[in-house]
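One structure below.
What follows draws every value from the coordinates through simple rules; no lab data is involved. Remember, it's a predicted structure, so these values are computed and weren't measured experimentally. We place every Cβ from the backbone using ideal geometry, glycine too, and count neighbours over all the protein chains shown.
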Amino acid sequence: MKEFNNLLTNYGWLFLSHHPLCDSFSDHTILIKNHRVCKGCFFGYLGIFSTIVLFYIFPYFNYIEYLFLMGAFFTISQIIKINIKLDILSKFFLGCNLGSGLLVILYVPDIVMKILFLYFFTNIALIYIALRYLKLSKICTSCSHFTEMPECPGLKR
């Protein structure tokens, strides 16, 4: 139990911002009330929440239309990702994409289709996460502190 408490004391901030607190990752986080928070997760969750709220305001869409919205949100997120100034908006639209996917899974009338969509969306998400991990891990492996892992200064408060 003591080891778990030490883990939370030393690395608990990773639950809010899963990026190291170093200069190499400074553009991946934002500061909210003295806490570093992952920019992508924060605005992605905001996109998910916004999509679900809009669904309850405009409940006229069916799952086919949400599939279309998923494609539109993903396309928008990737197009505006090119401009670094629009990065936050890109994360928001990626969250809208995920929110639309959740609504598709919830509102597909057939259980077999629910399972197929869940399987399909999960695999796409895993591929996206794996590619993102490969990109971010290159930042850490090129750092001079990489040989000091897990005692890297960016992982200590």
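Restricting attention to the stretch 72-127, which trypsin sites (Lys or Arg not before Pro) occupy a DSSP loop and are surrounded by at most 16 other Cβ atoms within 10 Å?
Passing both the DSSP loop test and the Cβ count: K81.
Given a Förster radius of 35 Å and the C-beta distance between S142 and T122 as r, what FRET efficiency does 1/(1 + (r/R0)^6) yield to the nearest 0.05?
0.70
For L94, what charge total do you get from the other residues with a beta carbon under 13 Å from its beta carbon, if Lys and Arg give +1 and Asp and Glu give -1?
Charge balance in the 13 Å sphere: +3.
Which value, in debye to the nearest 20, gives the size of the charge dipole of the stretch 44-155 about its Cα centre, when Lys and Arg are +1 and Asp and Glu are -1 at the Cβ?
Using Cβ point charges on Lys, Arg, Asp and Glu, the stretch 44-155 gives about 220 debye.
Positive end of the charge dipole of the stretch 44-155 (Lys, Arg +1 and Asp, Glu -1 on Cβ, about the Cα centre): tell me which of L69, S90, T51 has its Cα farthest that way.
Highest projection toward the positive end goes to S90.
More than 18 Å apart: what percent of Cα pairs in the stretch 44-155 qualify?
Across the stretch 44-155, Cα pairs with separations above 18 Å total 60 percent.
How do V53, V108 line up, fewest other C-beta atoms within 10 Å first?
Fewest-to-most ranking of V53, V108: V53, V108.
For the stretch 103-111, what does the Karplus curve 6.51 cos²θ - 1.76 cosθ + 1.60, with θ = phi - 60°, yield as ³J(HN,Hα) per residue in whole Hz, taken in order and with x for Gly and Pro?
With coefficients 6.51, -1.76 and 1.60, one gets 5, 4, 4, 5, 10, 5, x, 9, 5 Hz.
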